[in-house]
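For reference, the structure is listed below as structure tokens.
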Amino acid sequence: MTWSERDQAVIWHPFTQMKLAAPPIPIVRGEGVYLIDEAGNRYLDAVSSWWVNLHGHAHPYIAQKVSEQLHTLEHVIFAGFTHPQAITLAERLLKLLPGHQQKLFYSDNGSTAVEVGMKMAFQYWHNQARPRTRIIALENAYHGDTFGAMSASARNTFTAAFAPMLFEVDFIPVPTPDNHEAVKKRLTELVDAQQHAAFLFEPLVQGSGGMIMYEAAYLDELLTICKAGNVLAIADEVMTGFGRTGKLFACDHLQQKPDIMCLSKGLTGGTMAFGATSCTQQIYDAFLSDDRTKTFFHGHSYTGNPLACTAALASLDLVEQPDFAANLSRISEQHRQFQSSISTMPYVRDCRCTGTIMALEFDTDSTSSYFSNIRDALYEYFLEKKIICRPLGNIIYLIPPYCITNEELDYLYRTIESALDHFLSKVKLQS
Ligand SMILES: *Cc1c(COP(=O)(O)O)cnc(C)c1O
């Protein structure tokens with residue numbers, strides 16, 4: 001039996017309709033921006049394997065550090081015990097985070113990083129005997145797949161089966177030049193009610209919602225309103241963190257700073273599952289008490305795992321190399337050049353960039369739904385060209401590992417152009 005057949009006999013894949021999906025492609029090796037199958041086919045990973053990979057696959061430096069750690073200490077219970085990797089990582093990360101982030105809480109992935117952020121916010125108020133039990137979030141949001149994270153995410157096909165079990169959240173529109181005054185007004189009304197523990201948002205770019213981009217200046221206005229009304233600001237930087245928006249964190253583009261930040265995806269450079277939630281001293285202090293019921297009762301078996309911490313530390317070493325910042329500017333600049341050349345092409349509804357993230361919305365007559373046919377056709381088209389893209393409906397986006405070369409970027413741009421030329425013109429002719 002092939003790997004593919006063996007997979008299909010035993011494995012249930014995420015976000016996959018197992019009855020309809022094509023057999024998965026077995027990957028046996030990774031090298032820089034490429035993922036390599038058994039036959040030696042090299043696939044260009046244009047989406048950093050679900051937005052996690054920063055420095056390229058199987059990076060030798062991270063591999064060496066993790067392998068050394070594996071022979072030293074693989075894991076230790078993180079209550080009552082600690083270890084140098086967890087401490088050093090917290091020290092280094094907190095220095096890099098924007099604003100006054102003073103404490104770091106470890107978990108396992110992006111969803112748990114967000115859960116921890118929301119639980120910190122709810123209990124912050126609970127511990128002060130001033131309970132606030134609601135959250136404000138942005139429309140189109142995606143914060144993960146656990147129940148709390150789902151509750152704060154857009155309600156759609158993905159969450160429909162669980163809708164009755166999700167807690168109520170007040171959603172406000174993403175601010176745009178046309179609506180930002182109205183959004184401010186709506187947020188002010190909500191904040192004035194003094195019932196909301198926090199405002200949770202993906203800063204500057206809403207990933208799964210369709211790479212929706214919005215201005216830092218508008219977000220600053222919203223955060224100013226939250227601050228004036230004592231509503232905590234939780235920045236979900238799970239996707240935007242570690243350089244994606246052109247600065248180390250999306251919140252580095254803001255004047256106002258969040259009270260809580262959620263990190264995952266790029267945290268280990270894409271090496272392994274890990275999450276972290278940081279907070280200000282003010283939040284932390286609300287849990288300090290002689291009264292044990294004020295404890296933050298949250299943890300995971302693998303909290304603070306030394307291998308994950310080591311991968312994150314090694315990734316930070318690479319982040320601090322001069323070519324890291326140089327690559328961010330280089331990729332951002334390449335995207336901008338492509339954007340200006342493509343924006344006027346037929347069938348391009350919108351091409352937008354924020355730092356190293358580029359998204360192109362195809363002008364189809366269907367809506368931007370995940371299930372529109374164009375999505376699968378585009379996916380196949382790019383796969384045939386040995387490019388891994390996962391379109392969100394009619395939106396193709398690039399979020400590459402930072403080691404991608406200009407030539408490789410060029411190959412991606414040319415393939416997007418050829419997809420426009422050959423494929424979409426056909427679709428239009430047929431309809
Ligand atoms: C991916 C993502 C999450 C969830 O992270 P997982 O590790 O997949 O649980 C949360 N928030 C944002 C913004 C994300 O992009």
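Which pairs do you get when a residue that is outside the structural domain of GLY393 (by TED's automatic domain parsing), found in the stretch 153-178, comes within reach of a residue that is of a type in the set (Asp, Glu), reach meaning Cβ atoms under 6 angstrom, with the pair 6+ apart or on two chains?
That search, which allows pairs on different chains as well, returns PHE171/GLU139; PRO173/GLU139.
Could you tell me which of the residues ALA314, ALA377 is closer than 29 Å to ASP252 by Cα and either touching a residue at least 24 places away in the same chain (Cβ under 8 Å) or surrounded by fewer than 21 Cβ atoms within 10 Å (Cβ to Cβ) (or both)?
When all the criteria are applied, what remains is ALA314.
Does the stretch 225-271 hold any residues that are in contact with a Leu (Cβ under 7 Å, 6 or more places away or on another chain), part of a loop (DSSP other than H, G, I, E, B) and either modelled with pLDDT under 95 or within 14 Å of the ligand (Cβ to nearest atom) (or both), and which are they?
First, pick out the residues of the stretch 225-271 that are in contact with a Leu (Cβ under 7 Å, 6 or more places away or on another chain): 225, 233-234, 236-238, 240-243, 245-246, 248-250, 253-254, 256, 259-261, 266, 269-270.
Pick out the ones that are also part of a loop (DSSP other than H, G, I, E, B) and you get 237-238, 240-243, 245-246, 248-249, 254, 256, 259, 269-270.
GLU237, VAL238, THR240, GLY241, PHE242, THR245, PHE249, GLY270 - these are the residues of the stretch 225-271 that are in contact with a Leu (Cβ under 7 Å, 6 or more places away or on another chain), part of a loop (DSSP other than H, G, I, E, B) and either modelled with pLDDT under 95 or within 14 Å of the ligand (Cβ to nearest atom) (or both).
Could you please find all residues in the stretch 152-181 being within 13 Å of the ligand (Cβ to nearest atom) and open to solvent by less than 20 Å² (accessible area, probe 1.4 Å)?
Within the stretch 152-181, ALA152, SER153 qualify.
Can you name every residue in the stretch 252-307 that is touching a residue at least 24 places away in the same chain (Cβ under 8 Å), touching an Asp or Glu at 6+ places or on another chain (Cβ under 8 Å) and open to solvent by 60 Å² or more (accessible area, probe 1.4 Å)?
Answer for the stretch 252-307, where residues must be touching a residue at least 24 places away in the same chain (Cβ under 8 Å), touching an Asp or Glu at 6+ places or on another chain (Cβ under 8 Å) and open to solvent by 60 Å² or more (accessible area, probe 1.4 Å): GLN255, ALA273, TYR302.
Please determine, by comparing only the residues of the stretch 202-224 that are touching a helix residue (DSSP H, G or I) at 6+ places or on another chain (Cβ under 8 Å) and part of a helix (DSSP H, G or I), which one is most open to solvent (accessible area, probe 1.4 Å).
GLU221
Against the definition (in a helix (DSSP H, G or I), open to solvent by 20 Å² or more (accessible area, probe 1.4 Å), basic (Lys, Arg) and farther than 22 Å from ALA154 by Cα), how does ARG349 come out, yes or no?
No: the conditions fail for ARG349.
Whether any residue in the stretch 188-201 is over 17 Å from ASP259 (Cβ atoms), within 14 Å of the ligand (Cβ to nearest atom) and either buried (at least 20 other Cβ atoms within 10 Å of the Cβ) or not aromatic (Phe, Trp, Tyr) (or both) is what I want to check.
no
Can you confirm whether the stretch 119-134 contains a residue that is buried (at least 19 other Cβ atoms within 10 Å of the Cβ), within 14 Å of the ligand (Cβ to nearest atom) and in contact (Cβ under 8 Å) with a residue 60 or more places away in the chain?
no
Where in the stretch 359-431 are there helices (runs of 4 or more DSSP H), lying wholly inside it, with at least 1 residues that are within 25 Å of THR268 (Cα to Cα) and modelled with pLDDT of 95 or more? Explain how you work it out, then say what you get.
On the way: elements: 373-384, 406-418, 425-430.
Because the criterion is at least 1 residues that are within 25 Å of THR268 (Cα to Cα) and modelled with pLDDT of 95 or more, the helices (runs of 4 or more DSSP H) in the stretch 359-431 that meet it are 406-418.
The values are calculated or read from the model by the stated rules, or taken from the named source; none is laboratory data. Computed from a predicted structure; not experimentally measured. FYI the Cβ positions are ideal-geometry reconstructions off the backbone, even for glycines, and counts take in every protein chain you see. Protein only, heavy atoms only, side chains kept; ligands, DNA and RNA dropped before computing areas. Shrake-Rupley method; radii C 1.70, N 1.55, O 1.52, S 1.80 Å.
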